[in-house]
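What follows is a single structure, written as structure tokens, with notes after it.
The values are calculated or read from the model by the stated rules, or taken from the named source; none is laboratory data. Everything quoted here is computed from the prediction, not taken from an experiment. For neighbour counting, all protein chains shown are included, and Cβ atoms are generated from backbone atoms with ideal geometry for every residue, glycine included. Note: accessible area is taken over every heavy atom of the protein model, side chains too, but ligands, DNA and RNA are not part of it. Shrake-Rupley method; radii C 1.70, N 1.55, O 1.52, S 1.80 Å.
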Amino acid sequence: MTVLNLLARRAETAPAARPLPTEVLRQRGQREVFCGLTGIVWLHRKIQDAFFLVVGSRTCAHLIQSAAGVMVFAEPRFATAIMEERDLAGMADPNEELDRVVAQVLERRPDIRLLFLVGSCPSEVIKLDLSRAAARLSARHGPDLRVLNYSGSGIETTFTEGEDACLTAMVDLAPVETATAPHLVVVGSLPDIVEDQFRRLFSAMGLPRVDFFPPRRAADIPEIGPQTRFLLAQPFLGATSQKLEDRGAQPLRAPFPFGAEGTTAWLQAAADAFKISPAVFNSVVAPGRERAKRALARHRETLQGKSVFLFPDSQLEPSMARFLYEELDMRPIEVGTPYLNKELVSCEISRLPSGVVLSEGQDVDRQLDRCRAAKPDLTICGLGLANPLEREGLATKWSIELVFSPVHGFDQAGDLAGLFARPVTRHAMLGV
Amino acid sequence: MKLAVWTYEGPPHVGAMRVATAMKGVHYLLHAPQGDTYADLLFTMIERRGERPPVTYTTFQARDLGGDTADLFKDAARGAYERFLPQAMLVGASCTAELIQDDPGGLAKTLGLPIPVVPLELPSYQKKENWGASETFFQLVKRFAVKREGPAQGGAPRCNLLGPTALGFRHRDDVLEVTRLLGQLGFEVNVTAPLNATPADLARLGDADFNVVLYPEIAETAATWLEKNLGQPAIRTPPIGIGATRDFIAAVAALTGRDASALLHSMPSNQPWWSRSVDSTYLTGKRVFVFGDATHAIAAARIAREEMGFEVVGLGAYNREFAREVRAAAEHYGCPALITDDYLEVERTIADLQPELVLGTQMERHIAKRLNIACAVISAPAHVQDFPARYSPQMGFEGANVMFDTWVHPLVMGLEEHLLAMFRDDFEFNDHAGPSHLGHGGGKAVEPTVAVPPQAVTETVPATISWTSDAEAELIKIPFFVRGKARRNTEIFAERNGIFRIDVETIYDARSHFAR
Ligand code: SF4
Ligand code: SF4
């Protein structure tokens, strides 16, 4: 299924969700957000034998490079097949060209086991069929190499939706389930260190088996079927969630694992599904939860009572707003999100105070007007807006760090709060 | 299709953004999908601009295709005009919008905006960032510049400085330095453009007696047009380095008939003496590899050879437009020329040449860091740390000082190099200590991890050559900053002499061979 279909389908299923406590502001204008290609920056670090080949333009190559910025030191496992005049004017057969470029990639990186052909706006507009290309290339280079495709194009995906599209494609590679008892799959790419922490917690609770998706290596894609119970670790995985359900897997809905409360509630959802006794659950969770609370207390002193304005970026905004409000006593003014997946984040939104403006989509100029008028103590926004707002005297936090650094779970709760506390503290410190 | 890992230049509309962002009173309406807004961060994060670039993106989505993308464009143009009230508007398409052929220029015309609208045709699938900047500047100049009526006003002769843009490598400071230099010669700057110029300023370009092309990559097309249509001659010697600055002064003097001998005979820069003083002796013959945009690379090669006493072992540029000039310069220094925008090829070349210093862009800094070679940045593309708070031009006499300091800094200081060799067995002073001022990785013993693809290393040395453990142990005693070169030279020597097993003797034979 293409991402376009999934998007359409998501639109159909959305109204069925619970009613929201707040009205949603929807404005149409310039959207100052990344496209789904950006996800490659963290996905290629996560899946260590995967390679991401964007089929796109020089702009696409430049985007990834600019977003990756300071993060990439080793030879990256991503690249762009830049389309040129010849490819568009019909002077070269784009499929032959693609095969040639793929051969070049494989020659350089024979260790690759999973290749993603990633569609972009130009490849979508000229209707280059990457799913056929993926099938052809799988047949040619398989079975050691598997080739998948998804679209990270800006006309179809916003920032983190690229990961959603990538994981959706990857579900196709999940083996047929052999398990006869329920087993847990955690869905959404997490830093290895966070994964290991969660794994320890689940095993201490006595869960028989826990898998993470995406896996670190392509061969370790977990089996998916009716015995699968899955927990989303990220709120932007609507299409992936749907695809897993299509395979018979059952979703465990919960708030997302940010902060002491979010993490507890998230773990609780798994514990309930696997009938872990409250006594066991509490004894396993208590130490981490207490550590998280202690770590948060320090930052609460800095942040409590302060107002916060969130620009749309990663779809993590409702979860962050919940965390900032519930666990750090901040006052959310506006919570923007590029796309509001009501089904997935209703538990976060229902915990927000009344009076919060919830906005979906963007007209960046008008949103900036609202932000300036509100004079928030902290603004969470993208890299393009941060310095201009700082120049106007507002303290800002770049939202991109929320997807690039470890922020999930008990032991990152303090770090997560620190991301927000630092700009506020800095504003108070500087005398220049 | 072309496989690209990292790119030196962005797409041409980013070049147009560099011009629009540099100017005042200009707004750029870009028909583009949402992801293309990433380009804003180049200006706000890398250059630390405190304002958003004056760009409105239409951010059309898949559901708009085949429907109302044209209306979306018109609404956005109208909205941007009303909100920002620019003096002029640039309109154009990014790569995706180019494919849907909405004709931004035509659409903008139907709006009847009360300001000049300059349509840009930037073919995204053929051209790149510098070309886009050059074309945009040219279109603006062509649209606004008018020929001077009547004779020149009295007073000091005037010139325009052409080429500085937003996100340019040290453009901010070069403009100050060159303005000062021209002031010393008795010239006034009429208009500097595009940096900080308004469309109204462009209309005054014709008031100048001549043009100074600071950055040919961006200003050459406009300067040629001004020469032909407004009769303004141009100075085309970028004053980067002592020699080039003196050439620049001489060229200006020759063009205007002014006497510049006083300035030519004085030496307002410390660089020549710093270079002649004995501490700099150790710089002699350091092998440098130079890569960047053609203008900066050619200038850096000349400084490296004539003003620092280095040996230029490779010279290259990523912009093909100036390939001829780069080849000529490389021939002059007797080294190979590398004209490519393929980062991997540059990486391979550096790995093969094993220079002691790389002068390049931020890409070469990454390569050099991996290979554990000293590096200084001399050209765009550059990263946030290459936009320093302090005044640090590349041009003029002060620019020469700045380059002396920034190039020498990453090299191991003369005295320190000596000490490292003397105390290499001292436990605190071994490789793993590293030179104290080597930036980021300093002190951490950054052995070049296997980031270089294996074939890059094995390419030139047959896999059949091996090292005895004694020889490996001996190699470790060689200071780390020359070890790569020693290993390579030894292997080349072994290969040429049919030696398959390198022992301690081979190392010293090779050393005496190459010392000749
Ligand atoms: S190493 Fe330097 S150039 Fe490379 S990303 Fe880091 S700061 Fe930028
Ligand atoms: S928005 Fe489209 S054209 Fe732009 S970088 Fe993303 S995929 Fe490429």
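Could you tell me which of the residues B:Lys109, B:Lys24, B:Lys2 is under 31 Å from the mean Cα position of the chain (by Cα) and free of Cβ contacts under 8 Å to residues at least 24 places away in the same chain?
Values: B:Lys109 fails: under 31 Å from the mean Cα position of the chain (by Cα); B:Lys24 fails: free of Cβ contacts under 8 Å to residues at least 24 places away in the same chain.
Exactly one of B:Lys109, B:Lys24, B:Lys2 is under 31 Å from the mean Cα position of the chain (by Cα) and free of Cβ contacts under 8 Å to residues at least 24 places away in the same chain, namely B:Lys2.
Please enumerate the residues belonging to the range B:374-390 that are outside any strand (DSSP E or B) and near ligand 1 (Cβ under 10 Å from one of its atoms). So that I can check it myself, show each step before the final result.
First pass over the range B:374-390, keeping only residues outside any strand (DSSP E or B): B:378-390.
Result: B:Pro381, B:Ala382, B:His383, B:Val384, B:Gln385, B:Asp386.
May I ask you to say which residue of B:Leu167, B:Leu162, B:Leu65 is open to solvent by 20 Å² or more (accessible area, probe 1.4 Å) and touching a residue at least 40 places away in the same chain (Cβ under 8 Å)? Before the answer, list the steps.
Values: B:Leu162 fails: open to solvent by 20 Å² or more (accessible area, probe 1.4 Å); B:Leu65 fails: touching a residue at least 40 places away in the same chain (Cβ under 8 Å).
So the residue among B:Leu167, B:Leu162, B:Leu65 that is open to solvent by 20 Å² or more (accessible area, probe 1.4 Å) and touching a residue at least 40 places away in the same chain (Cβ under 8 Å) is B:Leu167.
On the given criteria, is B:Glu135 within 33 Å of the chain's Cα centre (by Cα) and within 14 Å of chain A (Cβ to nearest Cβ)?
Working: within 33 Å of the chain's Cα centre (by Cα): yes; within 14 Å of chain A (Cβ to nearest Cβ): no.
For B:Glu135, the condition - within 33 Å of the chain's Cα centre (by Cα) and within 14 Å of chain A (Cβ to nearest Cβ) - is not met.
Limited to the range B:482-508, what total is found for residues that are of a type outside the set (Asp, Glu), part of a helix (DSSP H, G or I) and open to solvent by 50 Å² or more (accessible area, probe 1.4 Å)? Quick ask: steps written out before the conclusion?
Residues of the range B:482-508 of a type outside the set (Asp, Glu): B:482-490, B:492-494, B:496-502, B:504, B:506-508.
With the extra rule that they be part of a helix (DSSP H, G or I), the set shrinks to B:482-490, B:492-494, B:496, B:504, B:506-508.
Filter again for open to solvent by 50 Å² or more (accessible area, probe 1.4 Å), leaving B:485, B:487-488, B:496, B:508.
Result for the range B:482-508: 5.
I need a count of the residues in the range B:41-71 that are in contact with an Asp or Glu (Cβ under 8 Å, 6 or more places away or on another chain), modelled with pLDDT of 95 or more and more than 9 Å from chain A (Cβ to nearest Cβ).
1
Would it be correct to say that B:Leu30 is at the interface with another protein chain (Cβ under 9 Å from one of its Cβ atoms) and open to solvent by less than 50 Å² (accessible area, probe 1.4 Å)? Steps first, answer last, please.
Numbers: at the interface with another protein chain (Cβ under 9 Å from one of its Cβ atoms): no; open to solvent by less than 50 Å² (accessible area, probe 1.4 Å): yes.
No: the conditions fail for B:Leu30.
In the range A:53-67, what count of residues is obtained for those that are open to solvent by 10 Å² or more (accessible area, probe 1.4 Å) and either within 7 Å of chain B (Cβ to nearest Cβ) or within 15 Å of ligand 1 (Cβ to nearest atom) (or both)? Quick ask: steps written out before the conclusion?
We begin by selecting, within the range A:53-67, every residue open to solvent by 10 Å² or more (accessible area, probe 1.4 Å); these are A:58, A:60, A:62, A:65-66.
Subsequent filtering for residues that are either within 7 Å of chain B (Cβ to nearest Cβ) or within 15 Å of ligand 1 (Cβ to nearest atom) (or both) retains A:58, A:62, A:65-66.
Adding up the residues that qualify gives 4.
Considering only strands (runs of 3 or more DSSP E) fully contained in the range B:234-343, which possess at least 2 residues that are over 15 Å from B:Ile378 (Cβ atoms)? Can you show your working first?
On the way: elements: B:287-292, B:311-317, B:337-339.
It comes to B:311-317, B:337-339.
When the range A:126-149 is examined, which residues are found to be within 16 Å of ligand 2 (Cβ to nearest atom) and away from every other protein chain (no Cβ under 14 Å)? Lay out the reasoning, then the answer.
Step one: of the range A:126-149, the residues within 16 Å of ligand 2 (Cβ to nearest atom) are A:126-128, A:130, A:149.
Correct list: A:Asn149 only.
Can you tell me how many residues within the range B:148-199 are more than 19 Å from B:Gly241 (Cβ to Cβ) and assigned to a loop (DSSP other than H, G, I, E, B)?
Of the residues in the range B:148-199, 20 are more than 19 Å from B:Gly241 (Cβ to Cβ) and assigned to a loop (DSSP other than H, G, I, E, B).
Give A:Ser189, A:Ser123 a once-over and let me know the one that is buried (at least 16 other Cβ atoms within 10 Å of the Cβ) and within 13 Å of chain B (Cβ to nearest Cβ).
On the way: A:Ser189 fails: within 13 Å of chain B (Cβ to nearest Cβ).
Criteria check complete, one pass: A:Ser123.
Could you list all residues from the range A:25-34 that are open to solvent by 10 Å² or more (accessible area, probe 1.4 Å) and within 30 Å of A:Val102 (Cα to Cα)?
Within the range A:25-34, A:Phe34 is the sole residue that qualifies.
Residue under question is A:Leu352, and the condition is that it be in a loop (DSSP other than H, G, I, E, B), in contact with a helix residue (DSSP H, G or I) (Cβ under 8 Å, 6 or more places away or on another chain) and surrounded by 24 or more Cβ atoms within 10 Å (Cβ to Cβ); does it hold?
Values: in a loop (DSSP other than H, G, I, E, B): yes; in contact with a helix residue (DSSP H, G or I) (Cβ under 8 Å, 6 or more places away or on another chain): yes; surrounded by 24 or more Cβ atoms within 10 Å (Cβ to Cβ): no.
No, not satisfied.
Being within 17 Å of the chain's Cα centre (by Cα) and touching a residue at least 40 places away in the same chain (Cβ under 8 Å) is the filter here, so list the residues in the range A:194-218 that pass it. Show your work before the answer.
Initial filter on the range A:194-218 (within 17 Å of the chain's Cα centre (by Cα)): A:194-195, A:212-216.
A:Val194, A:Phe213, A:Pro214, A:Pro215, A:Arg216 - these are the residues of the range A:194-218 that are within 17 Å of the chain's Cα centre (by Cα) and touching a residue at least 40 places away in the same chain (Cβ under 8 Å).
If you go through the range B:77-98 one residue at a time, do you hit one that is in contact with a strand residue (DSSP E or B) (Cβ under 7 Å, 6 or more places away or on another chain) and facing another protein chain (nearest Cβ under 8 Å)?
yes
Taking only the range A:366-381 into account, find how many residues are open to solvent by less than 20 Å² (accessible area, probe 1.4 Å) and either touching a residue at least 24 places away in the same chain (Cβ under 8 Å) or not aliphatic (A, V, I, L, M) (or both).
Here is the first cut: in the range A:366-381, the ones open to solvent by less than 20 Å² (accessible area, probe 1.4 Å) are A:367-368, A:371, A:376, A:378-381.
With the extra rule that they be either touching a residue at least 24 places away in the same chain (Cβ under 8 Å) or not aliphatic (A, V, I, L, M) (or both), the set shrinks to A:367, A:371, A:376, A:378-381.
Residues that pass the stated criteria total 7.
What number of residues in the range A:23-38 are of a type in the set (A, V, I, L, M, F, W, C) and within 8 Å of chain B (Cβ to nearest Cβ)? Quick ask: steps written out before the conclusion?
Taking the range A:23-38 and keeping what is of a type in the set (A, V, I, L, M, F, W, C), we get A:24-25, A:33-35, A:37.
Still in the running and within 8 Å of chain B (Cβ to nearest Cβ): A:33-35, A:37.
Qualifying residue count for the region: 4.
So for the range A:150-162 (the condition being more than 16 Å from ligand 2 (Cβ to nearest atom) and surrounded by 24 or more Cβ atoms within 10 Å (Cβ to Cβ)), does at least one residue qualify?
Narrowing the range A:150-162 to residues more than 16 Å from ligand 2 (Cβ to nearest atom): none.
No, the conditions are met nowhere in the range A:150-162.
How about the range A:117-162: which of its residues are without any contact (Cβ under 8 Å) to a residue 24 or more places away in the chain and within 23 Å of A:Glu85 (Cβ to Cβ)?
Residues satisfying the conditions are A:Lys127, A:Asp129.
Only one of A:Thr302, A:Thr263 is outside any strand (DSSP E or B) and in contact with a Pro (Cβ under 8 Å, 6 or more places away or on another chain). Can you tell me which?
From the options A:Thr302, A:Thr263, the qualifying one is A:Thr263.
Between a residue in the range A:92-116 that is more than 9 Å from chain B (Cβ to nearest Cβ) and without any contact (Cβ under 8 Å) to a residue 40 or more places away in the chain and any residue that is open to solvent by 30 Å² or more (accessible area, probe 1.4 Å) and part of a strand (DSSP E or B), which pairs come within a Cβ distance under 8 Å, given they are 6 or more apart or on different chains?
Once the first residue is more than 9 Å from chain B (Cβ to nearest Cβ) and without any contact (Cβ under 8 Å) to a residue 40 or more places away in the chain and sits in the range A:92-116, no partner that is open to solvent by 30 Å² or more (accessible area, probe 1.4 Å) and part of a strand (DSSP E or B) comes close enough.
Could you list, in sequence order, the residues of the range B:1-54 that are touching a Phe, Trp or Tyr at 6+ places or on another chain (Cβ under 6 Å), β-branched (Val, Ile, Thr) and more than 17 Å from A:Leu389 (Cβ to Cβ)?
Within the range B:1-54, B:Val5, B:Val19, B:Thr21 meet the criteria.
From B:Ser280, B:Ser261, B:Ser269, grab the single residue that is free of Cβ contacts under 8 Å to residues at least 12 places away in the same chain and touching a helix residue (DSSP H, G or I) at 6+ places or on another chain (Cβ under 9 Å).
On the way: B:Ser280 fails: free of Cβ contacts under 8 Å to residues at least 12 places away in the same chain; B:Ser269 fails: free of Cβ contacts under 8 Å to residues at least 12 places away in the same chain.
The conditions single out B:Ser261.
Restrict the check to the range A:236-244 and report whether at least one residue is outside any helix (DSSP H, G or I) and under 30 Å from A:Gly142 (Cα atoms). First the steps, then the outcome.
From the range A:236-244, those outside any helix (DSSP H, G or I) are A:236-237; that's our starting set.
Now drop any that are not under 30 Å from A:Gly142 (Cα atoms), which leaves A:237.
Yes, there is a match, as at least one residue in the range A:236-244 is outside any helix (DSSP H, G or I) and under 30 Å from A:Gly142 (Cα atoms).
Only one of these conditions is not met by B:Pro336: (1) away from ligand 1 (no atom under 12 Å from the Cβ); (2) buried (at least 22 other Cβ atoms within 10 Å of the Cβ); (3) not β-branched (Val, Ile, Thr). Which number is it?
With respect to (1) away from ligand 1 (no atom under 12 Å from the Cβ); (2) buried (at least 22 other Cβ atoms within 10 Å of the Cβ); (3) not β-branched (Val, Ile, Thr), B:Pro336 is out only on (2).
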